[in-house]
Structure formats: structure tokens, C-alpha cells
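Undergrad: To start, I am sharing the structure in question, which I have written as C-alpha cells.
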Amino acid sequence: MQTLKDRLNVPSRPGSLRAVRRFVTDLLDQRDVPRPLANRIVLAVDEAVANIVEHAYAMDPSGRIEAEVELDGSRVLVALRHSGIPVDPDALPEPDILEHLRQGRRRGLGLFLIRRIMDDFCVLALPEGRSEVLLVKSLLPGPVSD
């Protein structure tokens with residue numbers, strides 16, 4: 001199966017989330033990724049982009065986010081590149097879900113969801129102060145992609 005690869009560049013603003021969701025959904029549809037799996041992947045990408053907008057760019061709409069999606073027969077790789085403030089997700093504590101729910105909090109679970117949905121997730125430092133958020137999900141049937 002030939003690799004499908006495409007790129008989208010959007011401003012760092014909440015309104016760009018819809019464009020990124022549509023972009024990823026359209027590519028997953030081209031590979032006939034089952035809808036439940038596609039929805040989870042899109043949710044993880046949406047959370048990652050929202051975190052870049054809110055935390056890396058501190059809601060500054062002048063920043064840019066480049067989303068690149070690569071699909072082959074076995075996996076989807078999403079790379080989100082930006083020039084905002086770098087964040088080390090490994091330095092952030094895992095939330096206490098029960099306490100989070102008890103407090104009625106509606107925000108703050110983005111990284112938790114990304115880590116639960118995707119098979120691999122990391123943030124890399126790029127030259128010139130840029131960062132790359134990588135999200136990888138297997139498309140093969142079995143326990144890894146369920």
C-alpha cells in the first residue's frame with residue numbers, strides 16, 4: 001500500500017481546531033480507517049493542537065502550527081510543528097482522575113487522553129527553537145489499536 005502524506009499550516013487560534021480535525025478526518029477516510037478508531041485519533045490530535053494553541057503560544061494568534069499526517073498500511077503518524085514555548089509532557093504529573101471528576105473539572109485531561117489513545121507520543125526539540133509533537137497510532141487489528 002502506498003503511503004499517503006499531506007500537510008496543513010494553520011494559525012495558532014482556537015478556530016483552527018476545526019480545520020485540523022477535518023484535515024485529519026479526510027485523510028483517515030481515504031484509508032478507510034474504521035470510524036471509532038478514526039474518531040479517537042482525531043480527538044488526540046485535537047487535544048494536542050489545543051495544547052499548542054493554549055500553552056505553547058499562550059493564545060497568541062500570530063503563531064503557526066504545521067500539521068503533517070502520514071498514513072501507510074500499518075500506522076498513522078501525525079507531526080505537529082510549532083515555534084511556541086516548548087513543553088515537556090513527561091515533566092507534567094499524571095492527573096488523579098477520580099479527584100478531577102470529584103472537583104467537576106472540565107479541562108486539563110488533554111495529555112491524559114493523548115497518552116491513552118495513541119500508541120506513541122513525544123515532543124522533540126527542532127532547530128531554531130521549534131518543537132515537534134509526534135503522535136503515532138497503529139492501524140493493525142489487535143490489542144495495540146483497540
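Undergrad: Could you name every one of the helices (runs of 4 or more DSSP H) located completely within the stretch 8-114 that has at least 3 residues being charged (D, E, K, R), surrounded by fewer than 16 Cβ atoms within 10 Å (Cβ to Cβ) and at pLDDT 95 or above? It would help to see each step written out before you state the result.
TA: Working: elements: 16-30, 35-51, 97-102.
So the answer is 16-30.
Undergrad: Consider Val42 against the criteria (1) within 26 Å of Val87 (Cα to Cα); (2) over 14 Å from the mean Cα position of the chain (by Cα): it satisfies all of them except one. Which criterion is unmet?
TA: (2)
The values are calculated or read from the model by the stated rules, or taken from the named source; none is laboratory data. Everything numeric in this text was worked out from a predicted model, so none of it was measured. No Cβ is skipped: glycine too gets one built from the backbone with ideal geometry, and neighbour counts run over all protein chains shown.
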